[in-house]
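Computed from the coordinates by the stated procedures, all read-outs in this text should not be read as laboratory data. No experiment lies behind these values; they were computed from the predicted model shown. Cβ atoms come from the backbone with ideal geometry, glycine included; neighbour counts cover every protein chain shown.
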Amino acid sequence: MTTIVALSTPRGRGALAVIRLSGPDAIAIARHMSGVTDVEPRRATLTTLRRPKDESELDHVLLTCFNAPHSLTGEDVVEISCHGSPAIVRSIIDTTLELGAVLAGPGEFTLRALSNGKINLAQAEAIRDLIAAQTEAAVKQASRQLHGELSNALGPFKEKLLEVIVLLESALEFVEEEIPAPRANEIDHALAVVSDGVGSLARSYSAGRLLQEGVRVAVTGRPNVGKSSLFNSLVERERAIVTDIPGTTRDTLTEAIDLEGIPVILTDTAGLRETTDDIETLGIERTRRAMSDADLVLLVLDGSTGVGPGDRELLDQTENAHRLVIMNKSDLPGFKLPASCVEELRPITVSARTGDGLATLRAAILASVNGNGSDEGGLLITNARHYDLLCNTQREIEAAREALRERHTEELVLVPLHNALKFLGQITGETTTEDILSKIFATFCIGK
Amino acid sequence: MSFDETFDVVVIGAGHAGCEAASASARLGAETGLITLNLDLVGQMSCNPAIGGIAKGHLVREIDALGGIMGRVIDRTGIQFRLLNRSRGPAVQSPRAQADRMRYRAEMRRTLEATSNLHLRQGKVVDFVLDHGRLAGVILEDGRRFGADAVVVATGTFLNGLIHTGRRTYSGGRAGEPASIELSETLKRLGFPVGRLKTGTPPRLDGRTIDWSAFEPQRGDETPVPFSFSTDRIEQKQIQCYIGYTTQEVHDAIRGNLAESPLYSGKIKGIGPRYCPSIEDKVVKFSDKSRHQLFLEPEGHDTNEVYLNGFSTSLPAEMQQDLVRMIPGLEEARVIRPGYAIEYDFVDPRELGPDLQTARLPGLFHAGQINGTTGYEEAACQGLLAGINAALYTQRRDSLRLRREESYIGVLVEDLIKQGVDEPYRIFTSRAEYRLALRYDNADERLERYGRELGLVGDSDWDRFNSRQARLAKLRLALETVRLRRSDAQHAAVSALIGNDLGDSISLEQLAKRPKVTAELIMSLLPAELKPVAETDLNSVLADSLYAGYLDTQKAAIAKLYQHDALKIPRHTAFRGIAGLSNEIVERLDRAQPLTFGEARRLPGLTPGALSTLLAHLCAGQRAIS
């Protein structure tokens, strides 16, 4: 029996969110993330969750454990009350997945409750309605997708996969017919195309999530390079205080903006420099955190003073981050952009004061997010279940290619291929044996 | 009620379904009447003279393991045996044999006549006897009335059969034999949904008029693989078949005369099987193919008749003669019997439960083409199941139901009763989700116990089964424990053979999974005290080991999918009393009377909501018991 996890409160922003784990490993996973070894059952415990892989802090939460069979599902259940930010929920659920939990299917908590006899006959009708409602929603979702982009994008890959299955099945079932023997290299080539396409869609998931939950962009740089001015220009109002005094911004400031329908959470930060000022030091600490949390860092340089040692340090620090380098103050007479600098940093030239270059910057922010997308016409995966299914599809197809390389016979190569088709079918709709047989008879002249 | 004769079970039709049904029913102790239109044509092969093939051979092995007779009869009358798919994995290999058509019939009749409690009767059943709505017997055309508590209908293409050659049509169950029209009316009157299907057969040629040198011979296997686990060796003298091809000239002639074909003139309404297309269909649908393969199959040792496999047609008889003569090697050939198409009635198999009993009329069982299937093997396995369950029904014993995870028969029955048919249904290995587990060579391991428990597997077969299982266990242990070590004499040679160092020590089981390692090599490495080891035993054990990993993951998946399947539904459960089930669902459950949650789950039309309500009810009931 697996341990399942799901967000039990509605998606989106709220004060609180409740994540529920159920199954034999639920309590072990909670222990692993909280470090609390003796969790008292049915008692809320305030604790900090961490990601064991890198000890990074996830959130302060209330943890409540329910031991089997005294729980909703009759299994060990853990409820995590965390802060209601999609980003926090996402990272907590991701961490439970890393620790062996799997995403719950629709109605799976209820089904487990049923199978463990946690629900009596009087409740049966209510549950039936509940499950029916979920199924209905699932049907609606499926049909939306069926006519939607994802299905269209997956269609050709599914078709190709089906063609390979048809070739191999025909070779097995109709040995006495004049069916051309499947060529291993052609099949491998077709499977490689499917695997690449599905894999590319799966890889768009991280970008897709950003689009759904908001792209976190931090504006950073040395003091007085014009971060707050740029921030104000992007949020299109005088949100941050702007002065000529370096170190004016002491705390981080966050504003949500909309870039062509994509939510961007923009954070203005304190300028980074060595300082003895206690308040400024705290602000700089927050800046560093904002930078590490950000999906995209805008590193602002002052084009009128040139790239100094402080800038160099920041450039080195953000070298591996997802970043854009911005050369501000293009309106000033001293603004210079040496060719060597263009060559090395490929900066975007703007003037926060006049608004020059802001359109280019907005486009660059969008492009850098979309750049993570798939090759399939910019289509992005936003649903964790789809992501899971695509990863499973790709894994099965690679297993089939491996079996082909090891010269396994058709019936063994077909096992992972049928699995792959089942996984894809969870997104695009099932392919039945009849569908496969129909395609065989349409492809080959069969029959004595 | 007065009857001329009284049986426990009456079987209508003595084709491949009817023979198995009657034999099984009689051997389970039920007095069984087998009624057929013509006693000389018991076990007749209406179409090609062959048994088995991919997946079909699996069915015959399963019939044999359960105690059926088809495997034994074909082993005694087969004249060319081939194990198909030898180059592929053991799960998709399957035996096939050409039959001597007349000897098959004679052997089947001999087998039936040697069975106690089995009574052959010639006649035509036209109606059922109902006693206050309960099935009580059958009425024959000649006025005789036979009493029976259970009836198996296995009428094949005879049910309202209509034969087509060109524009000519006539009523018939097979060329030269009358159809059974009244029985179809009876079924309709009882409210059964009746549909129409179609099949066809090619012309038969006079072998003396064929230029055999123009064809490529196709030999049987050096060592025939029999169908029955009880057969030690094949005694019949073995023959060759021949392969030839049609030509563009033949295709053009067919295309030019499509108006003469009832298939294309719109006369035939029934739907034919896609995997058995007529030559007209082949030429039209695959017009880019310049030739189609033909097989010349001799019909037996005592006849010159030759079956022209691949040339099924319903074109006018006189045209068939001309077309045949356009085929290279058949320039002088003479048609003995023309091919024809036949339409016949079938009853929607969704009327049936997993025991093949109709819900509409308890005691009535359907088997074979009446359920929309095609093929002798498909018919025989249904006949066996229906015959067993008819006898069990009269004896008030629990019915036999086979799961799709354990048998092709289970796959076939579940597909039929759950999905119905819209064209003649044929078995394929791809219909079995768990095909790696369903091998022809392990049918005994999967099913023989059921046959024994029923009483269909006799002592000598049971002893043979047990000693084989014991040998396999011993062999399995040897493969796990015997290791090839670096110090062994063969180590270097085997390493060189597979082009890879084997390491210091490797079990024979692991070694067998390496590429290029053959069963012969493993055989040579087995310890002397184990020998002689039968090749078939070693192959079975190696197949288990080859698929074990795949099967374990598959088993886990099955367990997850079907974790509640074993939950029993008490007999006479009042589904209407379960709050939350709609009238339609209650009717479906009442009709199907599922005995477990798994059976309910597979019923058509049961929504996830209804299933969870049922599951809650069953869980609550179980808890009340415990």
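The mean number of Cβ atoms from other chains found within 10 Å of a Cβ in peptide B:51-59 is 1, as a whole number. Looking at region B:185-245, the GluC sites (Glu not before Pro) that sit in a DSSP loop and have at most 12 other Cβ atoms within 10 Å of their own Cβ are B:E222, B:E235. Between B:Y245 and B:L294, the built amide H atoms are under 5 Å apart, and every one of these is 5 or more places off in sequence or on another chain.
How many percent of the alpha carbon pairs in region B:247-342 exceed a separation of 24 Å? Summing the P(r) tail past 24 Å for region B:247-342 gives 19 percent. Put simply, the convex hull of the Cα atoms in region B:109-225 casts, on average, a shadow of 13.4 nm². The alpha-carbon atoms of region B:261-404, seen along their principal axes, cover 61, 40, 27 angstrom, with the largest extent given first.
State whether region B:366-472 is rounded, prolate or oblate according to the following rule on the C-alpha gyration tensor (a ≥ b ≥ c being the square roots of its eigenvalues): a/c under 1.5 gives rounded; otherwise a/b larger than b/c gives prolate, and the remaining case gives oblate. Taking the square roots of the gyration eigenvalues as a ≥ b ≥ c, region B:366-472 is oblate.
The overall shape of region B:1-48 is oblate: from the C-alpha gyration tensor, with semi-axes ordered a ≥ b ≥ c, the ratio a/c is 1.5 or greater and a/b is no larger than b/c. Size estimate for region B:60-149 follows the Kirkwood approach: the inverse of mean 1/r over distinct Cα pairs works out to 16.5 Å.
For B:R334, the amide hydrogen comes within under 5 Å of the amide hydrogens of B:D206, B:T209, counting only partners 5 or more places away or on other chains and with H modelled in the peptide plane. Under 5 Å from the amide H of A:I348 lie the amide H atoms of A:V325, A:I326, A:M327, each residue being 5 or more positions distant or on a separate chain, with H modelled from the backbone and absent for Pro and chain starts.
Normalised radius of gyration (Cα atoms, divided by 2.2 N^0.38 Å) for region B:424-574: 1.35. Shielding of peptide B:426-433 by partners, expressed as the average count of other chain Cβ atoms within 10 Å per residue Cβ, is 5. The trypsin sites (Lys or Arg not before Pro) found in region B:1-89 that occupy coil by DSSP, while having at most 12 further C-beta atoms within 10 Å, are B:R86.
Annotation: the residues A:F231, A:F441, sorted from fewest to most other C-beta atoms within 10 Å of their own C-beta, follow the order A:F441, A:F231. Helices in the protein assembly as shown, meaning DSSP H runs of at least 4 residues, each add -39500 (n - 2.57). Divided by all residues, the mean residue ellipticity at 222 nm is -13000 deg cm²/dmol. Alpha-carbon geometry of chain B: the Rg and the Dmax are 26.2, 83 Å, given in that order. Shape summary of region B:32-72, radius of gyration then Dmax from alpha carbon positions: 12.5, 33 Å. Counting, for every residue in B:271-277, the Cβ atoms of other protein chains within 10 Å of its Cβ and taking the mean gives 4. Rounded, prolate or oblate: which fits region B:26-108, taking a ≥ b ≥ c as square roots of the Cα gyration tensor eigenvalues, rounded meaning a/c under 1.5, else prolate when a/b beats b/c? The shape class here is oblate.
Globularity index of the protein assembly as shown is 1.17 (Cα radius of gyration / 2.2 N^0.38 Å, N = number of residues). Sparsely packed loop sites in region A:245-296 (the GluC sites (Glu not before Pro) outside DSSP H, G, I, E and B with at most 15 other Cβ atoms within 10 Å) comprise A:E260, A:E274.
Here is what passes the span test in chain B: the DSSP H helices with alpha carbon length of 24 Å or more along the helix axis and a Kyte-Doolittle mean of -0.5 or above are B:376-394, B:535-561, B:608-625.
Entry for region A:1-79 at q = 0.17 Å⁻¹: log10 I(q)/I(0) = -0.66, Debye formula applied to identical alpha-carbon scatterers, no solvent contribution.
Along its three principal directions, the equivalent ellipsoid of region A:147-305 from the Cα gyration tensor extends over semi-axes of 57, 16, 12 Å, largest first. Taking every alpha-carbon pair in region B:478-520 and binning the separations at 5 Å intervals from zero gives 5, 24, 36, 29, 5 percent. Put in line by how crowded their Cβ is, counting other Cβ atoms within 10 Å and starting with the fewest, A:R395, B:R435, A:R346 read A:R346, A:R395, B:R435. In the protein assembly as shown, what percentage of the DSSP-assigned beta bridges are antiparallel, given to the nearest 5? Bridges in the protein assembly as shown are about 65 percent antiparallel.
Its alpha carbons give region B:113-155 an Rg and a Dmax of 11.4, 36 Å. Of the residues B:G161, B:Y275, B:A214, the one whose Cα sits farthest towards the positive end of the charge dipole of region B:131-285 is B:G161 (charges of +1 on Lys and Arg Cβ, -1 on Asp and Glu Cβ, taken about the Cα centre). The spread of Cα positions in region A:249-294, taken along each principal axis and listed from longest to shortest, comes to 42, 18, 12 Å. Residues B:S46, B:S430, arranged from fewest to most other Cβ atoms within 10 angstrom of their Cβ, appear as B:S46, B:S430. Sorted from longest to shortest, the spans of the Cα atoms of region A:246-326 along the three principal axes equal 41, 27, 24 Å. In order along region A:83-91, phi translates into HN-Hα couplings of 6, x, 9, x, 5, 5, 4, 4, 6 Hz, rounded to whole numbers, per the Karplus curve 6.51 cos²θ - 1.76 cosθ + 1.60 with θ = phi - 60° and x for Gly and Pro. Considering only B:L39, A:S56, A:L103, and ranking their Cα positions along the charge dipole of the protein assembly as shown that arises from unit charges at the beta-carbon of Lys, Arg, Asp and Glu, the one farthest toward the positive end is B:L39.
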